[in-house]
Amino acid sequence: MVTIVVGGQWGDEGKGKIVSYLCLKDKPDIIARAGVGPNAGHTVKHREKKYALRLTPSGFLYDKARLLIGAGVLVNPHVILGEISALGIEKRLGIDKRCGIIEEHHISYDKKSKHLSGKIGSTGTGCGPANIDRANRTLKQAQDVAGLEPYLADVPLEVNEALKKGKKVLIEGSQGFGLSLFYGTYPFVTSKDTSAGMAAVDVGVGPRKVKDVIVAFKSYPSRVGEGPFPTEMSPEEAESLGIAEYGTVTGRKRRAGAFDYDQARYSAMVNSASQIALTCIDYLDRDSKGAREYGELSPNAKAFIEGVERKVGVPVTLVSTGPEMSETIDLREEKL
Ligand code: GTP
Ligand code: IMP
Ligand code: MG
């Protein structure tokens with residue numbers, strides 16, 4: 001059984017938090033990272049500890065799971081080797097042998113390019129240039145890098161064998177729908193599609209194997225980098241609402257805006273969402289911070305959640321009321 005979690009807006013919806021909650025709760029046998037590469041920064045907060053993960057699957061706190069990085073994901077060897085030793089996941093992590101490799105020259109090109117860094121506002125992590133080389137068929141693969149040898153894996157084979165045995169697999173995307181190379185606000189997008197279909201491809205799972213697609217939306221979406229944001233508010237308004245955020249990878253200030261129902265509907269459609277995870281409900285009103293039961297939410301928060309469900313036409317099954325793993329309302333039993 002496969003569940004995919006992807007972002008429905010411009011990334012940073014809190015996928016890291018949602019995925020880590022789901023993994024501790026549902027105990028998947030395999031947690032596989034899909035998505036673009038180390039341009040992502042997933043924040044996981046648990047018991048006073050905070051992790052900022054760029055390539056490691058966010059569910060790593062569930063320590064019985066095998067952790068995999070799919071072939072579609074770009075790997076920066078320094079980043080992943082650093083995370084492996086910092087998190088002590090040497091024995092559990094597998095990197096598909098065909099993952100594309102980001103090298104120093106990709107990073108310097110990304111940072112120096114007026115087009116990428118200037119016009120698009122890229123993260124400067126080398127992902128765009130590495131995907132250019134991948135399309136050109138000159139990019140190195142993980143199997144060409146000596147330091148990655150102990151971790152090389154055949155991810156599709158492992159995942160599909162596990163599925164045959166009835167095991168649970170959770171696939172985690174990165175970025176968000178609005179940053180999709182195909183469906184986002186082109187050209188102000190990342191270097192690859194970011195929808196659930198792509199996440200399945202990244203890991204080597206066919207469409208018939210996917211049971212659930214959980215799309216994460218933030219109550220006040222954010223965007224880093226350039227590009228249109230139809231519901232954007234001024235930085236002053238974001239400050240006064242207390243919702244100003246800074247990027248996990250780049251430290252850049254995130255632009256903030258109101259919930260965009262049209263974007264959410266379109267994103268749910270292309271992703272074939274079966275569930276919505278709604279994050280940062282505490283941004284709506286502080287009374288809802290830390291709630292763990294639906295009944296603890298303010299009338300305002302409840303009305304917002306019910307409105308999203310009605311207007312997008314997909315059940316809201318997970319409600320996040322704070323960055324901590326425990327600050328979650330899980331409605332799956334009653335709604336599914
Ligand atoms: P990308 O893959 O880079 O798109 O990131 P992401 O979706 O994993 O999100 P990221 O961790 O970059 O940003 C989300 C931020 O919101 C982090 O600082 C989280 O700790 C925080 N966060 C997650 N859920 C909630 C929530 O319900 N309330 C509040 N206040 N913060 C939250
Ligand atoms: P790139 O993926 O580094 O090429 O950046 C392209 C665009 O996607 C820029 O607007 C980035 O800010 C945005 N972007 C890339 N990764 C993330 C992410 O993980 N969270 C939010 N925005 C991102
Ligand atoms: Mg992020």
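Values quoted throughout were computed directly from the atomic coordinates according to the rules given, and no laboratory measurement underlies them. Fair warning: this is a prediction, and the values are worked out from it, not measured in the lab. So basically every Cβ, Gly included, is an ideal-geometry build from the backbone, and we count neighbours across all protein chains shown.
Side notes on the structure shown:
- Annotation: extensible slack from Glu309 through Arg292 equals 4.2 nm (criterion: 0.36 nm per residue apart, minus Cα-Cα distance).
- Among beta bridges identified by DSSP and lying wholly in the chain, the antiparallel ones come to about 30 percent.
- The chymotrypsin sites (Phe, Trp or Tyr not before Pro) of the stretch 180-238 that DSSP puts in a loop, and whose beta carbon has at most 15 other beta carbons within 10 Å, are Phe182.
- Residue among Tyr186, Val203, Ile214 farthest towards the positive dipole end of the stretch 183-283, charges placed on Cβ: Val203
- DSSP bridge pairs, the stretch 236-336: antiparallel proportion in percent, nearest 5: 60 percent
- Part-to-part distance (alpha-carbon centres) for the stretch 205-266 and the stretch 40-104, which is given in Å: 23 Å
- Pairs from Lys111/Lys289; Lys119/Lys289; Lys192/Lys335; Lys27/Lys50; Lys15/Lys97; Lys64/Lys164 whose Cα-Cα separation, in the structure shown, is over 29 Å: Lys111/Lys289; Lys119/Lys289; Lys192/Lys335
- Virtual spin-label span in nm between Ser113 and Ala146, 7 Å along Cα→Cβ: 3.0 nm
- Each Lys and Arg Cβ is given +1 and each Asp and Glu Cβ -1; about its Cα centre, the stretch 170-311 then shows a dipole of about 420 debye.
- Among Ile31, Ala273, Ser117 the positive-end extreme of the charge dipole of the chain (Cβ point charges): Ile31
- Distant alpha-carbon pairs in the chain (separation over 25 angstrom), percent: 47 percent
- Taking a sphere under 12 Å around the Cβ of Arg54 and counting the other residues whose Cβ falls inside, with K and R at +1 and D and E at -1, yields a net charge of 0.
- Antiparallel DSSP beta bridges within the stretch 30-178, percent to nearest 5: 30 percent
- Taking Cα centre as origin and charging only the Cβ of basic (Lys, Arg, +1) and acidic (Asp, Glu, -1) residues, the dipole magnitude of the chain rounds to 680 debye.
- Stretched out straight at 0.36 nm per residue, the stretch from His46 to Glu226 would grow longer than its current Cα-Cα span by 61.6 nm.
- Low-density loop positions, GluC sites (Glu not before Pro), the stretch 254-336 - DSSP coil, at most 16 other Cβ in 10 Å: Glu293
- Within a Gaussian network of the chain (alpha carbon springs, distance under 10 Å), most fluctuating of Gly59, Gly173, Gly242: Gly242
- The stretch 1-90: relative contact order as a whole-number percent, Cα under 8 Å and 6+ apart: 29 percent
- Here the sum of -39500 (n - 2.57) over DSSP H runs of 4 or more residues, divided by the residues of the chain, equals -8500 deg cm²/dmol at 222 nm, to the nearest 500.
- The spacing between the stretch 300-333 and the stretch 139-191, judged by their C-alpha centroids, is 27 Å.
- Using a cutoff of 8 angstrom between alpha carbon atoms and counting only pairs six or more residues apart, the relative contact order for the chain works out to 22 percent.
- The stretch 34-182, relative contact order in percent, only Cα pairs under 8 angstrom and at least six apart counted: 25 percent
- Per DSSP, loop trypsin sites (Lys or Arg not before Pro) in the stretch 179-275 with at most 15 further Cβ within 10 Å: Arg252
- Here the extension length gained between Lys209 and Ser272 equals 21.3 nm, from 0.36 nm per residue of separation less the Cα-Cα distance.
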